[in-house]
Amino acid sequence: MYLVIGVLFILVAIKFLSTVDDYELKKRRKEQEKEKKRLEEELGAMFCRNCGKELIGGHEICPQCGARPMRGNSFCSNCGAPTTPLTKICPKCGEGV
Ligand SMILES: [Zn+2]
Ligand SMILES: [Zn+2]
């Protein structure tokens, strides 16, 4: 009888511990996401005007297409919406491109 109670107790303890672990993990992940967002805002995300890839921080060369991110004219650098060489104002975000 004591053995059964002992086993049950251990099972409950394991369940409790793994729940705490889960909670800690989720909390840590949330903090990481928050930190990432803060960094993105601080550094200023932009989009490669040549291929439309989102770039975080000042990139001289786009890691995706190898062009200078401000050289192209196919995408808005502010929101990543597709533009044409004739686009002066982005139709999506209203920024001058
Ligand atoms: Zn690119
Ligand atoms: Zn835009």
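Data overview
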read-out	value
Protection-proxy order for peptides 16-22, 69-75, 90-96, each taking the mean of Cβ atoms within 10 Å per residue, highest first	69-75, 90-96, 16-22
Mean ellipticity per residue at 222 nm, deg cm²/dmol - from DSSP H runs of n ≥ 4 across the chain, formula -39500 (n - 2.57)	-16000 deg cm²/dmol
Calculated FRET value between Lys30 and Glu60, using beta carbons and R₀ = 35 Å, to 0.05	0.60
Kirkwood hydrodynamic radius of region 2-43, Cα pairs, Å	12.6 Å
Cα→Cβ-extended label distance, 7 Å offset, between Val4 and Asn73, nm	8.2 nm
Angle in degrees between helix 2-43 and the longest Cα principal axis of the chain, rounded to the nearest 10	20 degrees
Gaussian network model of the chain, Cα within-10 Å springs - most flexible of Lys30, Lys15, Lys53	Lys15
Kirkwood-based Rg to Rh ratio, the chain, C-alpha trace	1.45
Non-local Lys pairs in the chain, i.e. 8 or more apart or on different chains, that have alpha carbons under 22 Å apart	13
Positive minus negative residues near Asn50 (Lys, Arg vs Asp, Glu; Cβ under 11 Å)	+4
3J(HN,Hα) from dihedral phi, region 47-52, Karplus parametrisation 6.51/-1.76/1.60, rounded to Hz, x for glycine, proline	10, 5, 6, 8, 10, x
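We did not get these values from a lab; they are worked out from the coordinates using the rules stated. No experiment lies behind these values; they were computed from the predicted model shown. When we count neighbours, we look across all protein chains shown, and the Cβ atoms used for this are built from the backbone with ideal geometry, even at glycine.
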